[in-house]
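The values are calculated or read from the model by the stated rules, or taken from the named source; none is laboratory data. Note that this is a predicted model, so its numbers are computed, not measured. FYI the Cβ positions are ideal-geometry reconstructions off the backbone, even for glycines, and counts take in every protein chain you see. The accessibility values were calculated without ligands, DNA or RNA, using every heavy atom of the protein model including side chains. Shrake-Rupley method; radii C 1.70, N 1.55, O 1.52, S 1.80 Å.
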Amino acid sequence: MRLIGTGSAIPEKVVTNAMLSEFLDTSDEWIVPRTGIRSRHVITDENVEDLGARACLNALDMAGLKPEDIDYFICSNVVNEYITPSLSCVIAEKIGLTCPCIDINCACPGFLYAMDIAETHFLAGKVKNVLIVSAEEPTRMTDWADRSTCVLFGDGAGAAVFTEGDNLKGIRLHSQPDSSKIWQKRTLMPTPYITKQEEDVPLQMRGKEVFKFAVGASTTEVEALLKEIGMSKSDVSYYMVHQANLRIIDAIKKYLDEPDEKFPVNIQDHGNSSSASCAILLDECNRKGMFKPGDILVFSAFGAGLLSAAAVLEW
């Protein structure tokens, strides 16, 4: 498949580290060295489906396509206010799609998992155009009295349109199932027969172990994928790494022994927007005119599951 359009949408509200220090035992001096984050966009009166719809329409506009041109729609999302219908159907209704719609929940690497699903449909000859959106509101998952988690996240949506072509050079998906590293639980509606104990638990994360997994999975999978498709690091123009933590990105950079200029970042004013992270970064870099035909983009993302993914795309 071939990428022909990108789009993104972010909430208007910007929350700085100084604003967090008004109700948390934290500060800019504490947050920046540990994360690289100075501010993040947080949902206030917006709905995540509206952000997703705007991102999709921006991507369709760049691609020069109309909603009726899309054959398959994939939405990556961890949590939203709808239990049913799926968020993909909610967004599809807003923008006028009538094609098949599915949701996936692969946490932070969801955008790349969606790319893998799209590619299989192209290879099967079932589609001509696929729209992917990652629409996330992780700020609704955390305990805002817990400085170890709530300072990390920001909300937003990113979208991409793919058509027939040969620009996705390779993709690798990886899992190391472990629900104890990053998790959140919520109670369901009660019944007269439930006897088990249930509870609502905000997002929990074992930071050091997640850090280790992220760096290890990213570097190992990127190197394996490049070898698999017969490319070397010298062929890579940019590494589009999930914006989870600047220290993680720096560790990946150091391990791969690649220069800073190959690693665009926006974490300083976005935070971690889960699966929307790579998609938003892609759109922002694209609209700045950073990419030229023939550039090789290497994507890497990692998160709850534990899951990770890597992809190589020729511009």
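For the peptides 156-162, 88-94, 142-148, residues were scored by their other Cβ atoms within 10 Å and the scores averaged per peptide; the highest-first order is 156-162, 88-94, 142-148.
If the viscosity is 0.692 mPa s and the temperature 37 °C, what Stokes-Einstein diffusion coefficient in µm²/s follows for the stretch 262-308 when Rh is the Kirkwood radius over Cα pairs? In µm²/s, the coefficient rounds to 274.
Summary value for the chain: 26 percent relative contact order, contacts being C-alpha pairs under 8 angstrom separated by 6+ residues.
Give me the log10 of I(q) over I(0) for the stretch 116-179 at q = 0.24, 0.26 Å⁻¹, as the Debye formula computes it from C-alpha points; what are the numbers? Treating every Cα as an identical point scatterer, log10 I(q)/I(0) equals -1.02, -1.08.
From the largest down, the stretch 229-299 spans 32, 28, 20 angstrom on the principal axes of its Cα atoms.
Within the shell defined by Cβ-Cβ distances under 10 Å, the residues around Arg2 carry a net charge of -3, with Lys and Arg each +1 and Asp and Glu each -1. For the stretch 23-104, the Kirkwood hydrodynamic radius from C-alpha pairs, put into Stokes-Einstein at 20 °C and a viscosity of 1.002 mPa s, yields a diffusion coefficient of 142 µm² per second. Average accessible surface for the stretch 185-288: 55 Å² per residue, computed with a 1.4 Å probe over protein heavy atoms with every protein chain in place. Remark on the stretch 133-262: Rg and Dmax equal 19.0, 62 Å (Cα only). The ratio of the alpha-carbon radius of gyration of the stretch 50-170 to the globular-protein estimate 2.2 N^0.38 Å is 1.10. Considering all projection directions equally, how large on average is the shadow of the alpha-carbon convex hull of the stretch 24-67, in square nanometres? With every direction weighted equally, the projected area is 5.1 nm².
When the residues His121, His242 are ordered by accessible surface, computed with a 1.4 Å probe over the protein chains alone, the sequence from largest down reads His121, His242. Only helices enter the 222 nm calculation for the chain: every DSSP H run of n ≥ 4 contributes -39,500 (n - 2.57), and dividing by all residues gives -9500 deg cm²/dmol, rounded to 500. Of the residues Cys89, Asn129, Phe153, the one whose Cα sits farthest toward the positive end of the charge dipole of the stretch 1-160, with +1 on the Cβ of Lys and Arg and -1 on the Cβ of Asp and Glu, is Asn129. A quarter of the convex hull surface defined by the alpha-carbon atoms of the stretch 46-88 gives 3.5 nm² as the mean projection. With R₀ fixed at 25 Å, the C-beta to C-beta distance from Thr220 to Trp30 puts the FRET efficiency at about 0.20. Each Lys or Arg adds one and each Asp or Glu takes one away; over the other residues whose Cβ falls under 14 Å from the Cβ of Asp69, this sums to -2. Each peptide in 63-75, 184-196 receives the mean, over its residues, of other Cβ atoms within 10 Å, and ordering these scores from highest gives 63-75, 184-196.
Using a probe of 1.4 angstrom and keeping all protein chains present, the accessible surface of the stretch 1-136 works out to 43 square angstrom per residue.
Of the complete DSSP H runs in the chain, those spanning 18 angstrom or more by Cα along the long axis with a mean Kyte-Doolittle score not below -0.5 are 48-63, 110-123, 207-228. Comparing mean-square fluctuations of Gly305, Gly289, Gly207 from a GNM of the chain with C-alpha springs under 10 Å, the top value falls on Gly289.
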